[in-house]
Structure formats: structure tokens, C-alpha cells
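Comments concern the structure below.
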């Protein structure tokens, strides 16, 4: 079956927490859901055939059908909602050799790595076959292979908690699991997307394999993974939580983490690092949410931040899926209250923001939080006034605090004939504060690439205006303008033609 492509109006998805009213999501134009597909629930013990009535046989093993999940996938598929499966959870029988595994809490034994990648791959193959959309069981279209594998908490090869991790062995163990699972998944669903899952510790300074809570940077992990996984068309499943999970704030200067504030940094780095692998340039946000608990946050702050997450996601070409985590507060997560509804199922303000932002089928459409700009990204020119000068910021994402919008134009979010991709480049060291300029150069002319902002026409089209990159004549500052004379300053280059 062909892959069920989603356009940007349907990028909104959710971890539904088995919410009983699926039509409520469908009515609010929910494009997808994430479902936890947990191996140790499906195969808590090894059992050879013959299998009983509530089991399915696959490759000499009996798997116990998870009826709640089974029913949910079937129903979601029937309603046209794309299902992402998160495949994790090593059963005890499959990890007896991982004697050094030191779970961070008693509930985390299932994140000890399996002894044999073929055992995990068998489970993944069974799931891919069962949920291929052809056998009346519904369809899983996206497969996430384990969870947040750059964190020892979620991918424990037998180290951490005082025992230094072998970085090479850590990555290789995941490569072996991914490759084996990928090959079987693709046997039954050649068009499925198979993804590697990361949390938000992005830059090299997070290579800390000897820490008690060991971690590896996304950069290091993915560079090594790519070298070893062969020609498989992997994709990234990223979790762009705020820098502090308890707080609702995020922004474009969040490095060395990649968050909802600076998602373009990841997108630019993937293009720079894997220039011959277009499959690597597409990213799915498969888990992240905004805390609402006091004193670090509030329900009002959560609602405002949820809208901002959509603005930055939609302002970043290449992000194709955004799964909000989660529908309902989880009491096991304590003060981390990410739900759009409370644990008693009463609605928070964030639910209304999330639910109503992409009502594209209303007459007229009711769109907000960036959806109103589609199929374009909105390129904004911002300014921040200092005592003796101004600094400008050009982006389709939200700027740092205290920058004020001056003007805006529209770029295409998807490539169109005759367009070229523009990037946002950071000049961080310019006194008295940072600013950005736009460039077609993936390496940002020696500056940090904050990510793609959209596609601009290279020749004049009906209804478009010329857009210029300008430099201030007396101070270090750049800005964009549709004035041919750059408002009395230096014309650096014609960028192209944008929709006003």
C-alpha cells in the first residue's frame, strides 16, 4: 500500500492515552496518533506453537494479542488517522544476558537491551505484518525503533548508575536492533517509515557515557549510526521538549539542546551532515509536551506555549509530524503535567488551543498558531532597540524575547518549481546582541545555521515582490526589505521573490 502522506494541515497528532471518544479527535482534524506497542506485553514469556485463541503465531513464537491496542489501531485506521507505533519493552526472558543493566527505577527493567536483536526484530516483523492495512487489523505506517536511545535511562546495555558505558558498544547494540527490525518491517510494508528516537540533548557536550545517568549527544550517536546501518532509509523521531521540562519557556538560543525554540538547528545539521541522503532531511516530532503544573508553569502558560510550538513547527520545512504528548496527565509523572486534560478528564485551556488551531474544513476555515499561513511559512522581520542601535532578526520561527515584528512576507513550506531554500543564520557575537541574516548557503557563510525558513522564487512571479538582504551602513546588523535601496543602507543581495 502507498504511504498515507499527510499535508501540513494534518501535521497535528497526539498520544491519545486511550481517550474513549475517538470522534472528538477526528472532528478536530487530528492527523495522527502515537501508540505504545510494548514487546513484553505481547510476548511476556517465550511460547512455541501451538498458540491459543488469543494469540498469533509468527516465526515459531506465540504472541499474545493486546486487545485494547488491537481494537484502537483498527478503529483509528478506519477513521483515516495515521498510526505511529513506538516499539519497545524487552521481556525478561529476552534480556537474561544483560546482567549489568541497572534500571533507574523498578518499572524500567523493560528498557534493558535484548540479548539477541533477532528476537526484537521478530516482534517488529510480526507487528508490521499484522498491521499492514491489508488484513482487517488496521495499519501502523510509522515505526519508531525503541525510545530515546541516546539516553541510558531508555536504552541500557548494562552500564550507568556508576558503571561507565562503552560508547561504541552502546551505539552498535542499537544499530544491530534497528537494522534487524528495519529489514523485517520493510518485508511486509515497503513504504513504511522506520525511525530512530532521540531526546533533546543534541550537541557534542552531551557525550557523557560515564555519568550515572549516562547519555550521548544526538550528533555523535547519529554520525556513528549512519556509518554502520548501511543503505537503510532511516528517519529521525525527535523529542523537542523545552530546555527545562518543568518550564514552558523555549527560544532560538536553546543550544546545546534542540527544543521547540530552535528546531531548525536539527534540520540544518541533518542536511549538512548527510548531504546525499534526502531521507535524513525529514523529521517527525514523535513525543513532546508542555508542563502545566505550578510553581514552574501554569495552565495559562501551557496554553500559550502550545500555540508557540505549532508556530515554530510549521515554520520549519522538513518537519512532517508533530505528536503532542499527551492527552491526559499521568499521575506517575508527578509534577510533570503535560496533558491537555487533567487526570480527572476535565479540560485545560491548552485543549482548546490544540483542538481548534487547524479547522481547515470549517466554512470559513478556523486557523491559528501558524496554520493560518499554510501552505506558506511566514517570514517575519523583527527588531530590538538597544540604547545606541537596533538589531534585526529574520525568521519563520519566534525570535528571542523583546524583538518586535516590523514586516512580513510568505515563502513556500514545500519546494515549488523555480524556488530555492533559504536558511536563517545566527550572528551571535555582534555587540550589543545577536541578530540573524538569510542565506542560500547551507554553511551559513561561516555562521551557525538556525534552519530552513522556506522556499523563495528565483524569478518574478505574479503577485510577488522582490526581497533583499540588507546590511546596516554603520553597525554590524542585517535585515530584509522589499525596498530596492534597502531603506538607505547597503544592498547585499537580491534573495528572490516572495508573496507579500
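When 93, 39 are checked against the criterion of being surrounded by 22 or more Cβ atoms within 10 Å (Cβ to Cβ) and either more than 20 Å from residue 324 (Cβ to Cβ) or under 26 Å from the mean Cα position of the chain (by Cα) (or both), 39 stands alone in meeting it.
Taking residue 194 as the residue in question, decide whether it is in the same structural domain as residue 238 (by TED's automatic domain parsing) and either touching a strand residue (DSSP E or B) at 6+ places or on another chain (Cβ under 8 Å) or part of a loop (DSSP other than H, G, I, E, B) (or both).
Against the criterion (in the same structural domain as residue 238 (by TED's automatic domain parsing) and either touching a strand residue (DSSP E or B) at 6+ places or on another chain (Cβ under 8 Å) or part of a loop (DSSP other than H, G, I, E, B) (or both)), residue 194 qualifies.
Quick one: which residue in 149, 144 is crowded, with 23+ Cβ neighbours inside 10 Å and under 19 Å from residue 32 (Cα atoms)?
144
Answer yes or no: is there a residue in region 445-459 that is surrounded by 14 or more Cβ atoms within 10 Å (Cβ to Cβ) and without any contact (Cβ under 8 Å) to a residue 40 or more places away in the chain. For region 445-459, residues surrounded by 14 or more Cβ atoms within 10 Å (Cβ to Cβ) and without any contact (Cβ under 8 Å) to a residue 40 or more places away in the chain: present. Just a yes or no: is a residue in region 283-306 assigned by TED's automatic domain parsing to the domain that holds residue 26, surrounded by fewer than 19 Cβ atoms within 10 Å (Cβ to Cβ) and touching a strand residue (DSSP E or B) at 6+ places or on another chain (Cβ under 8 Å)? No: zero hits. Of everything in region 159-191 that is in a loop (DSSP other than H, G, I, E, B) and out of contact with any strand residue (DSSP E or B) (no Cβ under 6 Å at 6 or more places or on another chain), the residue that is surrounded by the most Cβ atoms within 10 Å (Cβ to Cβ) is 165.
Show me the strands (runs of 3 or more DSSP E) entirely contained within region 1-114 in which 2 or more residues are within 27 Å of residue 332 (Cα to Cα) and free of Cβ contacts under 8 Å to residues at least 60 places away in the same chain. Give the steps one after another, and end with the answer.
Values: elements: 12-14, 32-38, 55-58, 61-64, 82-88.
Of the strands (runs of 3 or more DSSP E) lying wholly inside region 1-114, those with at least 2 residues that are within 27 Å of residue 332 (Cα to Cα) and free of Cβ contacts under 8 Å to residues at least 60 places away in the same chain span 82-88.
Within region 221-255, if we keep just the residues that are assigned to a helix (DSSP H, G or I) and over 16 Å from the mean Cα position of the chain (by Cα), the residue that is surrounded by the most Cβ atoms within 10 Å (Cβ to Cβ) turns out to be 221. Can you tell me which residues in region 256-280 are closer than 23 Å to residue 368 by Cβ and not in a loop (DSSP other than H, G, I, E, B)? 263, 264, listed by residue number. Per the listing 394, 350, the residue uniquely within 20 Å of the chain's Cα centre (by Cα), touching a residue at least 40 places away in the same chain (Cβ under 8 Å) and crowded, with 18+ Cβ neighbours inside 10 Å is 350. Under the condition of being over 21 Å from residue 194 (Cα atoms) and in a strand (DSSP E or B), the residues counted in region 281-340 number 1. For residue 377, the conditions (1) assigned to a strand (DSSP E or B); (2) crowded, with 21+ Cβ neighbours inside 10 Å; (3) out of contact with any helix residue (DSSP H, G or I) (no Cβ under 9 Å at 6 or more places or on another chain) all hold with the exception of (3). Inspect region 386-396 for any residue being part of a loop (DSSP other than H, G, I, E, B) and either in contact with a strand residue (DSSP E or B) (Cβ under 8 Å, 6 or more places away or on another chain) or in the same structural domain as residue 253 (by TED's automatic domain parsing) (or both) and give the result as yes or no. Yes, region 386-396 contains a residue that is part of a loop (DSSP other than H, G, I, E, B) and either in contact with a strand residue (DSSP E or B) (Cβ under 8 Å, 6 or more places away or on another chain) or in the same structural domain as residue 253 (by TED's automatic domain parsing) (or both).
Listed here are the residues, each with its yes/no results for (1) over 21 Å from residue 267 (Cβ atoms); (2) more than 24 Å from the chain's Cα centre (by Cα); (3) modelled with pLDDT under 95.
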{"residue": "444", "(1), (2), (3)": "no, no, no"}
{"residue": "448", "(1), (2), (3)": "no, no, no"}
{"residue": "454", "(1), (2), (3)": "no, no, no"}
{"residue": "465", "(1), (2), (3)": "yes, yes, no"}
{"residue": "471", "(1), (2), (3)": "yes, yes, no"}
{"residue": "474", "(1), (2), (3)": "yes, yes, yes"}
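Picking from residues in region 193-214 that are surrounded by fewer than 21 Cβ atoms within 10 Å (Cβ to Cβ) and in contact with a helix residue (DSSP H, G or I) (Cβ under 9 Å, 6 or more places away or on another chain), the one that is nearest to residue 243 (Cα to Cα) is 203.
The values are calculated or read from the model by the stated rules, or taken from the named source; none is laboratory data. What you see is a predicted model; the values in this text were computed from it and never measured. Cβ atoms come from the backbone with ideal geometry, glycine included; neighbour counts cover every protein chain shown.
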